[in-house]
Amino acid sequence: MINFQFENLRRVGLTPAALARMAPLLDAAADTARLMRVVEVHRDACIVHDGTGEHRARLPLPLREPAADAPPTVGDWVVVEGEPADLQVAARLPAATEIARRANDGRRQVLARNVDTALLAMGLDLDFNPRRAERYVALVRACGVEPVLVLTKADAGLQVEQRVYDLRRRLPATVPCVAVDGRSERARLELAPWLGAGQTLVLLGASGAGKSTLANTLTGGSAAQDTGGVRRGDGRGMHTTTARSLHRCIDGACLIDTPGLRTWRPDADGEALAAAFDDIAVLAAGCRFRDCTHQGEPGCAVRPRVSEDRIDNFHKLLRDAGRGEQTALERIALRQKWKRLHKAGAERARGKRGGG
């Protein structure tokens, strides 16, 4: 039976439910093995935490391979073996939840595992983008993680009350929407329902959204992140967090801080994403046609009740999901098809000009 202290590991997010899920594998582990949580990942090693302190543990070659999403990532629970001066990760345990995205080349990138709640940060300044907020909410819900939209810079934002009101009307009523000044201790009070012991949160958002400032407030400075300004022209920020890492919050929860997201292509099928737009799904049951796309068909029950912009965003997410499910050969074939169509169209246009 593996060696661990539940009360210690609870400080880094271990819960009875997680322990029950991992029990069969823990029973099969060596008596000298230890259960720890990954707080940082490097190329050939990771930093793990046993609830009392951090340790460096080597990654064996099989766990460094990208195939089958094998490498540990921040938030993982791992079995560690060896002497304190020479620890090695022996196994990565199955995760309850996983937040991932697709790179432009289709490769899958895991952002965090074993997360209960995603704090989706968006500034109330020039960073404000309702469609992006809507996409983030849908993407984390499709991963089985509860979203909380955190509108930062409430002290210096533009049209704060109106923007908060508009977003709450636009998003499903089940998605909390909280406006905070990330520098103020009051931010901890506003987010208190999600900061209890045993909870794990991930902080996601674009660069310049105030994530590092908020992380420092929630962790009492243990996240030790520099904070930076934003560009005057478009309100976009510079990256101040360069790698994902897990930190303990003052109120008992664990927080995974992440670098700013430039893009977030979905790593979920269309069905999971459609379920995340639950208002559209419920209203669609009243459409005249079962295959209604809510784009002008007669008898559509969705279009009169949901904004056109939200429906367009919904369809864009589904298209992105479809591209994410394509193989590399399928993507190449699609590009070649559009090149042929474009070339044929150009030749017809030249022929018409010549004939005229």
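General observations
- Viscosity 1.002 mPa s, 20 °C: Kirkwood-radius Stokes-Einstein D of the stretch 94-225 over Cα pairs, µm²/s: 141
- The stretch 93-146, accessible surface, carbon-and-sulfur percent (1.4 angstrom probe): 43
- For the stretch 5-44, a simple Cβ point-charge model (Lys and Arg +1, Asp and Glu -1, everything else neutral) yields a dipole of about 160 debye relative to the Cα centre.
- Dipole of the stretch 68-207 computed with +1 at Lys/Arg Cβ and -1 at Asp/Glu Cβ about the Cα centre; of Leu149, Ala187, Ala133, farthest Cα towards the positive end is Ala133.
- Sparse-neighbourhood loop sites, trypsin sites (Lys or Arg not before Pro) in the stretch 85-168 - DSSP loop, at most 14 other Cβ within 10 angstrom: Arg107
- Taken over the C-alpha atoms, the stretch 1-151 has Rg and Dmax values of 17.1, 55 angstrom.
- Averaged over its residues, the stretch 159-225 has an accessible area of 44 Å² per residue, based on protein heavy atoms and a 1.4 Å probe.
- For Ala100, the residues whose amide H sits under 5 Å from its own are Leu111, ignoring neighbours fewer than 5 places away on the same chain, with H placed 1.01 Å from N.
- In a fully extended conformation the segment linking Glu83 and Asp309 would gain 75.6 nm over its present Cα-Cα distance, using 0.36 nm per residue.
- Prolate/oblate/rounded label for the stretch 5-50 (Cα gyration tensor, a/c 1.5): oblate
- Gyration tensor verdict on the stretch 121-162 (Cα atoms; rounded if a/c is under 1.5, prolate if a/b is larger than b/c, oblate otherwise): prolate
- Part-to-part distance (alpha-carbon centres) for the stretch 280-324 and the stretch 151-227, which is given in Å: 30
The values are calculated or read from the model by the stated rules, or taken from the named source; none is laboratory data. Values in this document were obtained by computation on a predicted structure and should not be read as measured data. With ideal geometry, Cβ positions are generated from the backbone for all residues, glycine too; neighbour counts draw on all protein chains shown. These area figures cover heavy atoms from the full protein model, side chains too; ligands, DNA and RNA do not enter into them. Shrake-Rupley method; radii C 1.70, N 1.55, O 1.52, S 1.80 Å.
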